[in-house]
Amino acid sequence: MKYVASSPLPVSVEDAFAYHERPGALQRLVPPWESVEIESTDHSLAVGSRVVLKTSLFGVPIRWVAKHTVYEPPHLFADTQLSGPFAAWNHRHHFKALDEHSTLTDEIDFTVPLGALGNLLGSGAALKKIEAMFAYRHRVTRDDLRLQTDHPMSKKRIAISGSTGLVGRQLSSMLTLLGHEAVPIVRKTNSAPDSKSNAIAAWSGEAGKLSDVDVVVHLAGKPIAGGRWSAENKREIRDSRVDKTRSLCESLAKLDRKPKVLVSASAIGFYGSRGDEIFDESSPAGDDFLADVSREWEAACQPAIDAGIRVVNARFGLVLSPQGGALQKMLLPAKFAGGALGNGKQWWSWIALDDVLGAIYHTIAEPSLSGPVNFVSSEPITNAGFVKTLGRVIGRPAIFPAPAFVLRAAMGEMADALLLSSTRVKPGKLLESGYRFRFNELANFLQYSLGFERLESME
């Protein structure tokens, strides 16, 4: 069988090819609903280079080994399967100049195993998976490159704390693909992801190395949903944010050559839970635990502000990705017709993971932005609306609610703070500064991130 998919890209053919050639492209383009681990790669498209993936088929582990067979920059590269789930697989990536822009065309010839029987029973399912995969890949590629054209920047050296977390991993890959250098900030040198890492142990005597970076993105902090909130757990949540942030900012302030920008994570928990009230960046803080932590967390950036560094406090909403966080936890209950949490009337201000990455890039590039910036879509939704939309996308009704008393019995104080609280937030500063959201409609995002989008449905 043959599959061909084409999409226009908003950059030159050279820039489009370079995006695919840089380290991290494979990681960035693996769909989040697929269970795929990159076992080995030399990050090259050169003829003879190999990629080994670990995946599964109907629960059976499979190693997929592919070799690159054609390399003609900036117009073509190709690969073929040496072993894996298909009887044969040949994939050609074409790039064609289109005025100042370009077109990407993926052309795949594949054969399913088991001959005529496999073709009868499996070719349709295989084609469906391929269609979903390339709808995702083309949209990520197009949207990343549009971000690059919206915000032309010279190459930056960007240091990232929390670089192994849900946001940090994808941010590192995207920055690399757009031509920048991502540098991990770690607690200790031996906690770097690998021995060849250029990581900086900023809290273990290496803060001086931050004088060589242009931007710092500070994402590190103890997960707030990692367990019931004992007094000790709450202390660790606070200290991992407030104390670590203050220490980092004091170190940045002492540098002879300071980074121009610090993007420091915060949370919309700053506003507390106040029913249907709508919040923007000028709204006052709430009066619960998370509001107190968020207020102190942002205040801990003051040494960097006093030193003349432009500081953005990124108040994250509910970050959605099937690879982690709330959406990952909700998928299994949703498949069994799980319904609203509590009465379902609480407002959830959400944001797609890709828009977190895009908004971070936007705040780095946009000099007018400083202080608190709400990282949420412009279309918050009630919890009841959320679970109904999720159920509709995956083809399951949202029937069985989880009563508030059950959630409180299972999670204690954390249930009220994370699941039952109502925080309705607007992304005022992002919209005013011209950020273009990839996703504002929840259904559209879920179709994309769970594999229900097809290329012809893309804008």
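Which chymotrypsin sites (Phe, Trp or Tyr not before Pro) in the range 181-282 sit in a loop by DSSP (not H, G, I, E or B) and have at most 12 other Cβ atoms within 10 Å of their own Cβ? Before the final figure, lay out the partial values.
Values: sites: Trp203, Trp229, Phe270, Tyr271, Phe279; in loops: Trp203, Trp229.
Here no loop site has a sparse enough neighbourhood.
For each pair in Lys234/Lys335; Lys234/Lys388; Lys345/Lys426; Lys209/Lys244; Lys209/Lys429, compute the distance between the two Cα atoms and list the pairs where it is over 26 Å. Walk me through the numbers before you get to the answer.
Working: Lys234/Lys335 32 Å; Lys234/Lys388 33 Å; Lys345/Lys426 18 Å; Lys209/Lys244 17 Å; Lys209/Lys429 32 Å.
In this structure, Lys234/Lys335; Lys234/Lys388; Lys209/Lys429 exceed 26 Å between Cα atoms.
Restrict the search to the range 270-352; then list the GluC sites (Glu not before Pro) that DSSP places in a loop and that have at most 15 other Cβ atoms within 10 Å of their Cβ. Please list the in-between numbers first.
Numbers: sites: Glu277, Glu281, Glu296, Glu298; in loops: Glu277, Glu281.
Here the GluC sites (Glu not before Pro) that fit, given the DSSP loop and packing criteria, are Glu277.
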Fill in the blank from the handout: The helix 353-365 Cα axis meets the longest alpha-carbon principal axis of the chain at an angle in degrees, between 0 and 90 and rounded to 10, of 70 degrees
Completion exercise
Per the rule of 0.36 nm per residue minus the C-alpha distance, extending Ser247 to Thr164 adds in nm 27.8 nm
Fill in the blank from the handout: With 0.36 nm assigned to each residue of separation and the Cα-Cα distance removed, Ile62 to Lys129 gains 22.5 nm
Exercise for the section: Check the straight Cα-Cα distances from Lys67 and name the lysines below 16 Å, setting aside those fewer than 8 residues away within the same chain. Expected result: Lys54
Completion exercise
Calculated from DSSP helices alone, with each H run of at least 4 adding -39500 (n - 2.57) and the total divided by the residues of the chain, [θ]222 nm to the nearest 500 comes to -11000 deg cm²/dmol
Exercise for the section: Among Thr69, Leu98, Val52, flag the residue with its Cα farthest along the positive direction of the charge dipole of the range 37-148, charges on Cβ as +1 for Lys/Arg and -1 for Asp/Glu. Expected result: Val52
Exercise for the section: Can you tell me the dipole magnitude for the chain around its Cα centre, using point charges on the Cβ only (Lys, Arg +1; Asp, Glu -1), in Debye to the nearest 20? Expected result: 900 debye
Problem - C-alpha long axis of helix 231-254 to longest principal axis of the chain, angle in ° - result: 90 degrees
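For the range 287-349, which chymotrypsin sites (Phe, Trp or Tyr not before Pro) are in a loop by DSSP, counting at most 11 other Cβ atoms within 10 Å?
Numbers: sites: Phe289, Trp297, Phe316, Phe336, Trp347, Trp348; in loops: Phe336.
When the chymotrypsin sites (Phe, Trp or Tyr not before Pro) of the range 287-349 are filtered for loop state and at most 11 Cβ neighbours within 10 Å, Phe336 remain.
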Completion exercise
Helix 115-150: inclination vs the chain longest Cα principal axis, degrees, rounded to 10, gives 50 degrees
Problem - Three-way shape call for the range 60-161 based on the alpha-carbon gyration tensor, with the a/c threshold at 1.5 - result: prolate
Practice task
Treat each spin label as a single point 7 Å out from the Cα along the C-beta direction, and report the Asp276 to Asp109 distance in nm.
Solution key: 6.2 nm
Completion exercise
the chain: antiparallel bridges as % of DSSP beta bridges, rounded to 5, reads 60 percent
Handout entry: Leu431-Glu296 FRET efficiency (beta carbon distance; Förster radius 35 Å; 0.05 resolution)
Key = 0.80
Fill in the blank from the handout: If unit charges are put on Cβ atoms (+1 for Lys and Arg, -1 for Asp and Glu) and the dipole of the chain is taken about its Cα centre, the option from Trp348, Gly269, Val112 lying farthest towards the positive end turns out to be Val112
Handout entry: Spin-label pair Leu98/Ser378, simplified geometry with 7 Å Cα→Cβ offset, distance in nm
Key = 2.6 nm
Completion exercise
Taking only Cα atoms of the chain, the Rg to Rh ratio with Kirkwood Rh works out at 0.97
Exercise for the section: Compute the distance in nm between two label points, each set 7 Å from the Cα along the Cα-to-Cβ direction, one at His43 and one at Ala307. Expected result: 2.8 nm
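Every number here is computed from the coordinates shown, using simple stated rules; none is lab data. Because the structure is predicted, anything quoted here is derived from the model rather than measured. Every residue, glycine among them, receives a Cβ derived from its backbone with ideal geometry; neighbour counts consider all protein chains shown.
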